[in-house]
Amino acid sequence: MNMIGKGRFLILMVLTLFFINPSFGKVSNNDSKNEKTVQQIIKEMSLEQKAQLLIGTGRTFSGPMYDMWSNPKGLPVDPEYKEMIERLKQLVPGAAGVTAEFPELGITTQVLADGPAGLRISPQRPGSDETYYCTAFPIATLLASSWDTELVTEVGKAMGNEVLEYGCDVLLAPGMNIQRNPLCGRNFEYYSEDPLVTGKMAAAMVNGIQSNGVGTSIKHFAVNNQETNRYTSNSVVSQRAVREIYLRGFEIAVKESQPWTVMTSYNKINGIYAPQNNDLLTKILRDEWGFEGYVMTDWDSGDNVIEMVVAGNDFVAPGQINTIQDVVNAVLNGELSEEILDRNLANMLRIMLKTPTYSEYEYSSNPDLTAHAQVARQAATDGMVLLENKNGTLPLSGNGKNVAVFGYTSYDFVSGGTGSGNVNEAYTVSLMEGLANGGYMPNEFITDYYQKKLKGDVADDTPDNWSRVRQAEMRVEMSIIEKAADESDFALLTIGRNAGENNDRKDKFGDFYLSSVEKELVKNVYDAFHDVGKKVVVVLNIGGAIETQSWIDWADAVLLAWQPGQEAGNAVLDVLTGKVNPSAKLAVSFPVLYSDVPSSMSFAGKEIKEEEQRELIHYFGSRPLSWEFEYNEDIYVGYRYYNTFNIPVAYEFGYGLSYTNFAYSNLKVSESSFDGEMSLTVDVKNTGKVAGREVVQIYVSAPDGKLEKPEEELASFGKTKLLNPGETETLTFTFDAKEIASFDEETSSWIVEKGDYLLKAAASSTQIKLNETFNVDNDIIVEKVNDALKPVREFDRLSKI
């Protein structure tokens with residue numbers, strides 16, 4: 001039987017299995033029929049086909065652009081393979097990439113698409129007059145601020161439905177790197193400074209998306225906490241900090257949701273590129289955590305494809321023709337075992353059997369965007385944090401309907417960040433539209449003033465393409481502000497920021513700090529409106545923390561709206577008017593000054609001098625490793641640092657106000673002596689006048705023993721239902737030894753040291769409502785793991801080469 005004949009026989013066998021068992025292709029990797037199918041496919045593959053499947057089909061460009069990125073060496077390409085690539089690129093225009101397919105072997109492609117805040121594909125397709133918009137959901141930082149895993153799962157379900165109905169197989173999301181520093185340009189894609197919150201939110205998102213029968217790719221694995229020099233950097237971090245802070249969230253997500261894929265990061269970790277790191281990908285991810293899917297690279301990462309394959313990076317994206325040939329040559333010359341290829345192929349093919357493309361799902365290209373917009377709106381309102389509310393300024397019900405709206409972002413609201421986290425949505429409800437929808441009447445004089453400025457109609461030498469931050473530096477004359485104060489019932493002022501992939505933010509005026517002109521605007525609006533007995537509400541339309549203490553006294557209320565997705569303006573008004581009582585709390589700390597951030601001195605990294613560099617061969621040339629980032633703060637990230645070393649913050653981790661009040665009582669623990677697991681209950685009562693929800697956080701303070709400990713660490717959290725005034729709910733929490741364990745580098749073990757522990761039920765990391773003690777009689781070795789990821793500073797390593 002020739003190759004085509006064998007392929008047809010295999011397809012017939014697969015289809016027979018599918019119709020006999022409708023769940024075929026959607027079952028666990030342990031299913032014997034699926035495993036037999038996987039091994040049969042591998043057996044039928046040629047060496048070239050194996051290499052082609054493990055290496056992506058290249059950039060989605062066509063013509064000369066494709067050749068430049070995907071075949072830079074100009075190697076000859078098999079016509080059938082080239083035809084396949086061109087055909088697959090047309091399946092879902094705008095998708096990030098596709099894997100190779102070989103129909104004669106029963107191998108179907110996998111369509112991979114961004115991103116963390118919603119499906120990112122092109123709204124136009126050749127030969128079609130229709131538009132293919134997707135829902136722009138709120139950014140991950142906002143979702144984490146809800147502290148509501150059920151809500152995040154619902155967002156994931158809606159997001160995953162769009163992945164399914166637009167013909168994609170794997171969504172390259174969620175992003176879940178730790179927010180180590182407020183200046184990281186991609187913080188908006190990430191959840192929190194805390195690994196427990198990060199892991200729980202990511203697991204909820206993965207479970208929601210994958211409930212549609214499509215996959216996810218959690219990223220960027222790992223220790224990728226800045227965009228600066230991300231291709232050529234080495235993250236130097238202790239084994240303890242890696243385990244407790246930077247890997248813990250990924251571990252939780254893998255164990256609680258089994259994402260179909262994991263995406264490795266660009267950077268080196270302690271001297272070895274993430275996609276080439278056997279400790280990371282095999283010893284930890286697979287051997288210790290039991291990951292069952294496949295590992296893919298971020299686009300154009302690493303510097304040695306053979307090392308990637310051996311380390312356990314199964315799929316190399318987006319792929320190049322020369323790297324396919326490198327894999328073939330490595331097997332032929334004995335440098336690479338074909339058994340390793342087969343191992344990686346099996347990981348990819350097991351996932352392939354689950355995909356909609358494999359099961360020939362007839363996608364509609366018509367998901368229910370109206371329903372999904374409502375999910376986005378609900379999520380946005382539940383994730384907005386009320387930072388200030390002096391003298392009951394909010395909700396707005398008693399402040400009149402005439403409003404003077406200041407700040408350029410009010411007229412050009414930011415729904416989400418830039419780069420691969422962006423979404424091609426049909427619309428974004430601006431703040432002005434939200435006000436109109438809520439029955440508010442913006443001051444026409446001020447509105448006209450700003451709109452003319454935005455259009456460049458006012459005499460000004462400012463280029464039209466200035467960023468929002470620079471536009472915000474256009475002054476509003478005091479006489480105009482005073483006129484608006486006389487005519488309006490209150491003022492609404494928006495401060496906007498945006499950031500994204502490839503660039504980090506700056507600790508300068510106009511970014512982390514407000515510019516002098518922005519502060520002048522806030523001050524002048526406050527003075528003018530207070531002179532006539534009227535209030536000022538500030539809305540923060542931002543993707544990451546900014547400095548607030550220098551201007552906060554000039555605002556009567558401050559709503560942190562984050563970047564809330566396409567229903568932005570409606571969601572902001574839902575909270576401002578009290579239609580929704582704010583219940584969100586910060587999943588990141590807001591420092592007083594940037595210099596207070598524990599990583600402020602090391603975030604920019606250290607340049608490796610030219611004489612110390614080693615040329616690193618990359619797909620499109622040589623790549624010098626030029627930067628090193630030392631994580632000197634070790635485990636003391638975010639509130640672990642501020643609370644341990646008594647550093648004041650503007651707003652602490654876990655902080656958030658409500659339009660009502662809550663009382664905590666009756667804290668009970670299941671036992672006074674901890675033996676590996678503990679449960680506790682606490683009563684939460686709404687003591688205010690309106691219905692609301694409360695986030696309850698459980699922290700544990702551990703005794704210093706062999707290992708020093710932070711002042712406290714989050715061990716569990718939960719959120720009440722909507723409590724009516726006077727209503728009480730009993731919340732139950734559980735945590736096991738891993739949640740309160742520390743990592744001992746000397747023994748490569750997670751341990752809970754003996755001693756007295758303080759358990760805290762809290763409204764934030766500093767607002768402790770109730771506490772209880774428990775005892776650990778003897779050291780508990782929770783888990784012994786591999787001695788992996790030892791730190792090596794790059795120029796020390798180079799000196800030994």
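Rounded to the nearest whole Å², what accessible area per residue is found for the chain with the 1.4 Å probe? Don't jump to the answer; show the numbers that get you there.
Working: 29260 Å² over 801 residues.
With the other protein chains kept in place, the chain gives 37 Å² per residue.
The stretch 480-575: D in µm²/s via Stokes-Einstein (Kirkwood Rh, Cα pairs, 4 °C, 1.567 mPa s)?
Estimated diffusion coefficient is 90 µm²/s.
With a 1.4 Å probe and every protein chain kept in, tell me what percent of the accessible surface of the chain is carbon plus sulfur.
48
Report, in listed order, any pair from LYS453/LYS579; LYS754/LYS784; LYS157/LYS585; LYS721/LYS769 with a Cα-Cα distance greater than 25 Å. Mind showing how you got there, number by number?
Values: LYS453/LYS579 33 Å; LYS754/LYS784 17 Å; LYS157/LYS585 23 Å; LYS721/LYS769 19 Å.
Going by Cα-Cα distance, LYS453/LYS579 fall outside the 25 Å limit.
Take the alpha-carbon centre of the stretch 222-262, take the same for the stretch 158-210, and report the distance between them in whole Å.
The two parts, judged by their Cα centres, are 13 Å apart.
When the Cα centres of the stretch 71-135 and the stretch 667-741 are compared, how far apart do they sit, in Å?
So the separation of the two Cα centres works out to 47 Å.
May I ask you to order 422-435, 70-83, 560-573, 593-606 by the average number of other C-beta atoms within 10 Å around their residues, highest value first?
Highest mean packing first, the order is 560-573, 422-435, 593-606, 70-83.
Taking the convex hull of the alpha carbon atoms in the stretch 617-736, what volume per residue do you get, in Å³?
Enclosed volume per residue, from the Cα hull, is 231 Å³.
Mind ordering 259-267, 367-375 by average Cβ neighbours within 10 Å, highest first?
Working: 259-267: 26.1, 367-375: 17.4.
So the peptides 259-267, 367-375, ranked by packing, come out 259-267, 367-375.
Roughly how many Å² of SER122 are accessible to a 1.4 Å probe, to the nearest 10?
30
With a sphere of radius 12 Å drawn around the Cβ of GLY705, what net charge do the other residues whose Cβ falls strictly inside it have (Lys, Arg +1; Asp, Glu -1)?
Computed value for this residue: -3.
When only alpha-carbon atoms count, how far does the stretch 226-377 stretch along each of its three principal axes, as whole angstroms with the largest first?
Answer, in whole Å and largest first: 53, 39, 30 Å.
Using the Cα atoms of the chain, I'd like the radius of gyration and the largest Cα-Cα distance, Dmax, both in angstrom.
Rg, Dmax (Cα atoms, Å): 27.1, 91.
Hey, rough spin-label estimate for MET65 and ASP675, points 7 angstrom out along Cα→Cβ, what's it come to in nanometres?
Each label point lies 7 Å from its Cα, and together they span 6.5 nm.
Using Cα atoms only, what is the angle between the long axis of helix 248-257 and the major principal axis of the chain, expressed in degrees (0 to 90) to the nearest 10?
Its long axis makes an angle of about 70 degrees.
At 222 nm, what helix-only mean residue ellipticity would the chain give, in deg cm²/dmol to the nearest 500, using -39500 (n - 2.57) for each DSSP H run of four or more?
The helix-only estimate for the chain comes to -8500 deg cm²/dmol at 222 nm.
So how do 311-322, 98-109, 476-487 stack up, highest first, on mean other-Cβ count within 10 Å? Could the numbers behind the result be given before it?
Values: 311-322: 25.3, 98-109: 22.6, 476-487: 16.2.
The packing order, highest mean first, is 311-322, 98-109, 476-487.
Mind checking the angle between helix 195-210 and the chain's longest principal axis? C-alpha axes, 0 to 90 degrees, to the nearest 10.
Once rounded, the angle reads 60 degrees.
With a ≥ b ≥ c taken as the square roots of the eigenvalues of the C-alpha gyration tensor of the stretch 155-238, please select rounded if a/c is under 1.5 and otherwise prolate if a/b is larger than b/c or oblate if it is not?
Cα axes put the stretch 155-238 in the prolate bin.
Once you keep just the Cα pairs under 8 angstrom separated by 6 or more residues, what percentage relative contact order results for the chain?
So the answer I get is 14 percent.
The values are calculated or read from the model by the stated rules, or taken from the named source; none is laboratory data. A quick note: this is a predicted structure, and the numbers were derived from the prediction, not measured. Positions of Cβ are backbone-derived with ideal geometry, glycine not excepted, and every protein chain shown enters the neighbour counts. Only protein heavy atoms, including side chains, enter the accessible area calculation; ligands, DNA and RNA are left aside. Shrake-Rupley method; radii C 1.70, N 1.55, O 1.52, S 1.80 Å.
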